[in-house]
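The values are calculated or read from the model by the stated rules, or taken from the named source; none is laboratory data. All values derive from a computational prediction rather than experimental measurement. So basically every Cβ, Gly included, is an ideal-geometry build from the backbone, and we count neighbours across all protein chains shown.
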Amino acid sequence: MNRFLDQFSKCLQFVVAFMLMAMVVLVFGNVVLRYGFNSGIIASEEVSRMLFIWITFLGSLIALRENGHLGSNFVVRALGPAGRRACLILGRLAMLYICWLIFAGALVQTRINLTVAAPITGISMGLFYVSGVVFSVVGALILLCDLFKLGTAPMGVVDRFLDDAGEQS
């Protein structure tokens, strides 16, 4: 499962990079067209907004997989091995609950907005909200994998969770 998540994370990085490139081309092209030729790409604002939302959620998945979220671990480091493990497990459980909340809310919004068309492109507005569903499902899978590692691994692996998060704090 670890290899699969690592490969999936690398694929997500390419997808995010492609989306970012498309967003830059759309916005920059629109600016050039507006100021240089007094015209523009009508759908660029709507499409770039959708890409930005997807980039945010997919980038959050990459950060979650790489344990790259911001954190302060000076309190956890002061605890003994069992306390460190317990705090990390509690933190992952809290994040799992938040994934559930995001999933429930995004699923409701996706269902409501599936038949609503965006004003310019006509794309289903549900496509905006399904990004939260994708994030919460994949994020929960990553967190469950982390929980399994934290629960079964020797203490050295648990300390690696702190070392990875400590680089950003």
When you scan the range 1-102 for helices (runs of 4 or more DSSP H) that lie fully inside it, which ones turn up with 3 or more residues that are at pLDDT below 85, out of contact with any Asp or Glu (no Cβ under 9 Å at 6 or more places or on another chain) and crowded, with 17+ Cβ neighbours inside 10 Å? none
Selection within the range 104-159 - among the aromatic types (F, W, Y) and more than 22 Å from E45 (Cβ to Cβ): F135, F148
Considering only residues of the range 88-146 that are touching a helix residue (DSSP H, G or I) at 6+ places or on another chain (Cβ under 6 Å) and of a type in the set (S, T, N, Q), which is farthest from R3 (Cα to Cα)? T121
Please specify each residue of the range 119-133 satisfying the condition of being under 14 Å from L51 (Cα atoms) and among the hydrophobic types (A, V, I, L, M, F, W, C). I123, M125, L127, F128, V130
Go through the residues of the range 109-131 one by one and say whether even a single one is under 20 Å from H69 (Cα atoms), buried (at least 17 other Cβ atoms within 10 Å of the Cβ) and not basic (K, R). yes
